[in-house]
Amino acid sequence: MADIAPQYVAPVTSHEAGPRGLPLLGSALDFGRDQLGFLEALSRTYGDVVPFRIGGWPCLLIGDMAAIENILVKDHQNFIKNRIIWRHVRALFGQGLLTSEGEFWHRQRRLAAPPFAARQIADYGPDMVRITRRIASRWTDDEIVDFHPAMMELSLRIAAKTLFDTEIASDIETMEFATDDLVAEMAARFRRPFLIPDWVPLPGHLRYRRAIREVEDVVARIIFERSLDADLENRRDFLSRMMLARGDDGHPMSETQLRDEALTMLLAGHETTALALSWTIELLGRNPVSWQLLVNEVDDVLENRDVTTEDVERLEYAEAVVKEAMRLYPPAWAIGREAKQTFTIRGKRWPAGTTIFISQWVLHRDARHFEDPLAFHPERWIDGTLEKRLPRFAYMPFGGGPRICIGNRFAMIEAVMALATVAQMLTTTPVEGRAPTPFPSITLRPQGGVWARVATRPKRH
């Protein structure tokens, strides 16, 4: 398993060779054993275009900037979501934005976009702050806290409020336990080189199917109750907006599609923000100078009042801290694509069906783009010089191209506002010997938890 600060070795010049692997299995065992370390080793050893196999699937790890732009932007229609990954979770995400393709995806993307407009996000701000304050106020001075489940609860409560306009405790609790089971099963599935159908009665499958039913029941009940709401047009939450949306043909979304999009937004949205905040707290705890700089900025900008969405652009250091945490520990640690037709990279043709891996974990730690790449150094983002200098896809915590995360601005504002609110209330120091290990599931989780000792802060007057 990759350590929290692995030794960096710059990649050699690519000669488009790769590991031979084992008969039939290819590199499936190495990949399943340590996905992050495996991809790092490929990049280090073979360069920016590396062929390998997972079972019978031909794969390429791509770190070449021109090739990434071609795959994600210029020829993106030839590179669909990867079957190796998404075939495992079709029952969960259905035909939501994460998994759908082609014109159907374009239609859904258009319908889903309005709730993430800047004016709509501003309406969510007070709820983000209120929920963060409620959770952070539970802790007392010198208490030892695992921040990962706390941040998961925080982001789930924010998602439930902004997506569904619900704060019903039983709903939150059901979704909390169910999403834990779903993430655990997805982690196990993504490490397999083969598909085991959902109907096979393995313990993990039984928990997975039960968790899907539980979340579906909550979402279906909320959709039904919302459909009876005479004041639907005045509601500001995501679900209500989606129920009112109409396609070019004038038709609304079907109930099945509402379910798929609601579950996609709930699960994908809350998990990634929670992870960004968890890794941020971990890194700040181990860098007290950065914690103090954050506290100073928050105190100067907010002067003891609640943060608003209008403050986010003034919280320059807070945003830099979140960006740097997502550089080192990107919640989405790799992008998978599959070629529909033959394609060319660096003059060499590759066959249809090839699976493409573009790894943010590898790209974000590349010394060609980031000085001292393994160091936590938020200041690198402050004046915007780095972002102007970086190649387009050297840093992409939310993905890139037309399929960039639709909620990327929402997630960034939520993370900065939550972090600023926490920094008003407390600081942390790490618990020695309990550093988390990066665990790549569908997202990059802190295995072992984010344990820290809390120091509460008195209010300024």
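The values are calculated or read from the model by the stated rules, or taken from the named source; none is laboratory data. Model, not experiment: these values are computed from the prediction. Positions of Cβ are generated from backbone atoms using ideal geometry, with glycine treated the same way; all protein chains shown enter the neighbour counts.
For residues in region 390-421 being charged (D, E, K, R) and within 27 Å of Ile71 (Cβ to Cβ), which is farthest from the chain's Cα centre (by Cα)?
First pass over region 390-421, keeping only residues charged (D, E, K, R): 392, 403, 409, 414.
Filter once more, keeping what is within 27 Å of Ile71 (Cβ to Cβ): 392, 403, 409.
Details: Arg392: 19, Arg403: 14, Arg409: 13 Å.
Only one residue fits best here, namely Arg392.
Quick check, is Gly433 without any contact (Cβ under 8 Å) to a residue 60 or more places away in the chain and more than 15 Å from Phe116 (Cβ to Cβ)?
Yes.
Please state which one of Leu267, Leu228, Leu239 is more than 30 Å from Val454 (Cα to Cα), buried (at least 19 other Cβ atoms within 10 Å of the Cβ) and out of contact with any Cys (no Cβ under 9 Å at 6 or more places or on another chain).
Only one candidate qualifies: Leu239.
Table: residues versus (1) surrounded by fewer than 16 Cβ atoms within 10 Å (Cβ to Cβ); (2) in contact with a strand residue (DSSP E or B) (Cβ under 8 Å, 6 or more places away or on another chain); (3) within 28 Å of Ala211 (Cα to Cα).
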{"position": "His76", "(1), (2), (3)": "no, no, no"}
{"position": "Phe79", "(1), (2), (3)": "no, yes, no"}
{"position": "Gln120", "(1), (2), (3)": "no, no, no"}
{"position": "Trp139", "(1), (2), (3)": "no, yes, no"}
{"position": "Asp142", "(1), (2), (3)": "yes, yes, no"}
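Quick test of your reading of the structure: Val89 fulfils all but one of (1) modelled with pLDDT under 90; (2) touching a helix residue (DSSP H, G or I) at 6+ places or on another chain (Cβ under 8 Å); (3) surrounded by fewer than 21 Cβ atoms within 10 Å (Cβ to Cβ); (4) of a type in the set (Val, Ile, Thr). Name the failing condition by number.
(3)
Residue by residue, here is whether (1) closer than 23 Å to Cys405 by Cβ; (2) out of contact with any helix residue (DSSP H, G or I) (no Cβ under 8 Å at 6 or more places or on another chain) holds:
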site	(1), (2)
Arg314	no, no
Arg327	yes, yes
Ile335	yes, no
Phe343	no, no
Gly347	no, yes
His364	yes, no
Ile382	no, no
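Taking region 36-54 as the region of interest, how many residues are in contact (Cβ under 8 Å) with a residue 60 or more places away in the chain and surrounded by fewer than 17 Cβ atoms within 10 Å (Cβ to Cβ)?
Of the residues in that region, 0 qualify.
Is one or more of the residues making up region 318-329 touching a strand residue (DSSP E or B) at 6+ places or on another chain (Cβ under 7 Å) and either of a type in the set (Phe, Trp, Tyr) or not in a loop (DSSP other than H, G, I, E, B) (or both)?
Looking through region 318-329, at least one residue is touching a strand residue (DSSP E or B) at 6+ places or on another chain (Cβ under 7 Å) and either of a type in the set (Phe, Trp, Tyr) or not in a loop (DSSP other than H, G, I, E, B) (or both).
Tell me, which residue of region 329-362 that is touching a residue at least 24 places away in the same chain (Cβ under 8 Å) and basic (Lys, Arg) is farthest from Gly399 (Cα to Cα)? Talk me through it step by step, then tell me what you get.
Restricting attention to region 329-362, the residues satisfying the condition of being touching a residue at least 24 places away in the same chain (Cβ under 8 Å) are 329-341, 343, 345-346, 348, 350-351, 353-362.
Subsequent filtering for residues that are basic (Lys, Arg) retains 337, 340, 346, 348.
On the way: Arg337: 12, Lys340: 20, Arg346: 23, Lys348: 25 Å.
In this case the residue turns out to be Lys348.
Residues that are in a helix (DSSP H, G or I) and either modelled with pLDDT under 90 or in contact with a helix residue (DSSP H, G or I) (Cβ under 8 Å, 6 or more places away or on another chain) (or both): does region 43-62 have at least one? Break it down into steps so the answer makes sense when it comes.
Here is the first cut: in region 43-62, the ones in a helix (DSSP H, G or I) are 43-46.
After this cut, where a residue has to be either modelled with pLDDT under 90 or in contact with a helix residue (DSSP H, G or I) (Cβ under 8 Å, 6 or more places away or on another chain) (or both) as well, the list is 43.
Yes, there is a match, as at least one residue in region 43-62 is in a helix (DSSP H, G or I) and either modelled with pLDDT under 90 or in contact with a helix residue (DSSP H, G or I) (Cβ under 8 Å, 6 or more places away or on another chain) (or both).
Output the residues belonging to region 229-260 that are under 22 Å from Ile172 (Cα atoms) and part of a loop (DSSP other than H, G, I, E, B).
Scanning region 229-260 gives Asp229, Arg235, Arg236, Asp237.
Can you work out which of the residues in region 177-216 that are farther than 19 Å from Gln447 by Cβ, acidic (Asp, Glu) and in a helix (DSSP H, G or I) is modelled with the lowest pLDDT?
Ranking the candidates gives Glu216 first.
Can you spot a residue in region 340-360 that is under 22 Å from Arg445 (Cα atoms) and of a type in the set (A, V, I, L, M, F, W, C)? Give the steps one after another, and end with the answer.
Of all residues in region 340-360, those under 22 Å from Arg445 (Cα atoms) come to 357-360.
From the residues that got through so far, the ones that are of a type in the set (A, V, I, L, M, F, W, C) too are 357-358.
Yes.
Given the structure, is Ala211 without any contact (Cβ under 8 Å) to a residue 24 or more places away in the chain, among the small types (Gly, Ala, Ser) and out of contact with any strand residue (DSSP E or B) (no Cβ under 6 Å at 6 or more places or on another chain)?
Taking the combined requirement at face value, the residue does not satisfy it.
Restricting to region 424-446, give me the number of residues that are of a type outside the set (Val, Ile, Thr) and closer than 21 Å to Leu39 by Cβ.
Residues that pass the stated criteria total 8.
Any residue at all in region 220-241 that is more than 27 Å from Asp34 (Cβ to Cβ), in contact (Cβ under 8 Å) with a residue 60 or more places away in the chain and of a type in the set (Gly, Ala, Ser)?
yes
Could you figure out which of (1) surrounded by 17 or more Cβ atoms within 10 Å (Cβ to Cβ); (2) at pLDDT below 95; (3) in a helix (DSSP H, G or I) isn't true of Ala332?
Unmet condition: (3).
Please state which one of Gly269, Gly285, Gly336, Gly250 is on the phi > 0 side of the Ramachandran plot and not aromatic (Phe, Trp, Tyr).
Gly250
Considering only residues that are under 12 Å from Ala420 (Cβ atoms) and touching a residue at least 24 places away in the same chain (Cβ under 8 Å), look in region 284-300 and name the one that is farthest from the chain's Cα centre (by Cα).
Checking each candidate, the answer is Asp299.
Out of region 364-381, which residues are closer than 23 Å to Arg286 by Cβ and touching a residue at least 40 places away in the same chain (Cβ under 8 Å)?
Arg365, Asp366, Ala367, Phe370, Pro373, Leu374, Phe376, His377, Pro378, Glu379, Arg380, Trp381
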